[in-house]
Structures are given as structure tokens and as C-alpha cells.
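Peer 1: Right, I'll just put the structure down here and ask away after.
Bear in mind that the values in this text are calculations on the coordinates, not laboratory data. Only a predicted model underlies this, so the values are computations on that prediction, with no experimental measurement involved. Positions of Cβ are backbone-derived with ideal geometry, glycine not excepted, and every protein chain shown enters the neighbour counts.
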Amino acid sequence: MADNNLRIVVEKNPSESKLSELNIKCWPKWGCSPGKYQLKFDAEETCYLLKGKVRVYLKGSTEFVEFGAGDLVTIPKGLSCTWDVSVAVDKHYKFESSSPPPSSSS
């Protein structure tokens, strides 16, 4: 059963003023090549895609959310999903500061 509270919010082509208000250019950058990635978000993430195209499938579901270059995306804390990256991703990102950083399994 999918938890409807765990929804990805995609804002298409946010204004330059919103991007500068968020200070996106100062956020860290992350990228990945095409492929499938299993991810669990231990903190809410906001990201802005500079390039790429992604379909995110919620765990245990065939439903997906699609976003790409120029989109501002908010991913809720607690979401488990698969990123199906069709075009290599380059993004700025930020984790909600009140939450701990994401855990990495090493």
C-alpha cells in the first residue's frame, strides 16, 4: 500500500527570482549516469536539475513521477523509490537542515 503523504512535488521551470531566493547555485552538486538506482530518503531533499531525465517509481508501485532539466523537485523524508535515469543527471541539491543527513550503507 502506497503512503499518499509521501508525494514528490515537481515545479516545472521555476522563475529565476525563486532560484536565486533559494540560493541554488550555492547548493552542492551531484550527478549520475543513466541506470536504475534504489534510494531511500532519510531527510527531505529539494533539488534543481541542470540536466537529465528521471522517472521515479515508488517502492512497490508501477506509478511514477517524471522530471528533468529545469525542474525544481521536493522529495519527502521517508520515501523509498527507484530512480530510472534515462539521461545522465546533474543537479544542485539540499537536504532539510532540521533532519540528519542521509545514511549511507557502506
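Peer 1: When the distances between all Cα atoms of the chain are binned every 5 Å from zero, what whole-number percent does each bin get?
Peer 2: It works out to 2, 12, 22, 27, 21, 12, 3, 1, in whole percents.
Peer 1: If contacts are Cα pairs under 8 angstrom and at least 6 residues apart, what is the relative contact order of the chain in percent?
Peer 2: This gives 39 percent for the chain.
Peer 1: Please list, by residue number, everything in region 22-44 whose backbone N is under 11 Å from a paramagnetic label point 7 Å out along Cα→Cβ of residue 96.
Peer 2: Only 42-44 pass the distance filter.
Peer 1: So which of 25/91; 12/59; 18/53 end up more than 19 Å apart by C-alpha?
Peer 2: Correct reply: 12/59; 18/53.
Peer 1: Using the per-residue mean of other Cβ atoms lying within 10 Å as a proxy for protection, in what order, highest first, do the peptides 23-33, 58-68, 75-85 fall?
Peer 2: Ranking the peptides 23-33, 58-68, 75-85 by packing returns 75-85, 58-68, 23-33.
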